[in-house]
Amino acid sequence: MTDLEWMQKAIAKAEHGNTPFGAVLVNDKGDFYAACNTTSSDGPQAHAELNVIQHMNQLSYHSPIELKLYTTVEPCPMCMSALIWAGIGHLIYGASISDAAQFGQQINITSKALAKKAWYPIKITPSIKRKDCIQLFKS
């Protein structure tokens, strides 16, 4: 599947959860786990990215650097730190932190800034289906 198709899965998961935040974690075989933000029921740490990272053991991989995390909104510092600690090698996101800040409170530290502090290289692909991801905030 393409980045656009995976991001559409993240968008669909967000819509299903009635939230702007959806994430999909994918291995190199195309196996995946998807989740949305569940903070209203599971507490303030239950962001979509953390919800998928907590299930990464359900995917087969040799090294977590092989995994890709698709998310409708650029990860907040908490989620980006979790991605780094998990060792995930590629982040793909739709709306930016700045985009999300137009609709609510955000800690405005970019994923790129945090990735620069990691001990391994993290590939970051921004703005995939950005307009569709921003639209989630308006729905």
What are the ³J(HN,Hα) couplings of segment 125-130, residue after residue, when phi is run through the Karplus curve with 6.51, -1.76, 1.60 and θ = phi - 60°? Round to Hz, x for glycine and proline. 10, x, 6, 7, 6, 3
Percent of Cα-Cα distances greater than 20 Å, calculated over the chain: 38
Rounded to the nearest 0.05, what FRET efficiency do Ser41 and Ser98 give with R0 = 30 Å and r taken as the Cβ-Cβ distance? Could you check? 0.60
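Quick one: ranking Thr71, Thr2, Thr125 by accessible area, 1.4 Å probe, largest first, what do you get?
Thr2, Thr125, Thr71
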What accessible area per residue, rounded to a whole number of Å², is obtained for segment 1-128 using a probe radius of 1.4 Å? 50
Calc'd 3J(HN,Hα), segment 12-24, phi into Karplus 6.51 cos²θ - 1.76 cosθ + 1.60 (θ = phi - 60°), Hz, glycine/Pro = x, comes to 4, 5, 4, 4, 4, x, 6, 8, x, 10, x, 9, 9
For Glu74 the rounded accessible area (nearest 10 Å², probe 1.4 Å, non-protein molecules ignored) is 10
In terms of modelled amide H atoms, which long-range or inter-chain residues lie less than 5 Å from the amide H of Glu74? Gly94, Ala95, Ser96, Ile97
Sequence gap of 8 or more, or different chains, plus Cα separation below 17 Å: how many lysine pairs satisfy both in the chain? 14
Rounded to 5, the percent of DSSP beta bridges in the chain classed as antiparallel: 55
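The values are calculated or read from the model by the stated rules, or taken from the named source; none is laboratory data. All values derive from a computational prediction rather than experimental measurement. Cβ sites come from the backbone with ideal geometry, for glycine too, and all protein chains shown count toward neighbours. Side chains are part of the model used for accessible areas, which takes the heavy atoms of the whole protein and leaves out ligands, DNA and RNA. Shrake-Rupley method; radii C 1.70, N 1.55, O 1.52, S 1.80 Å.
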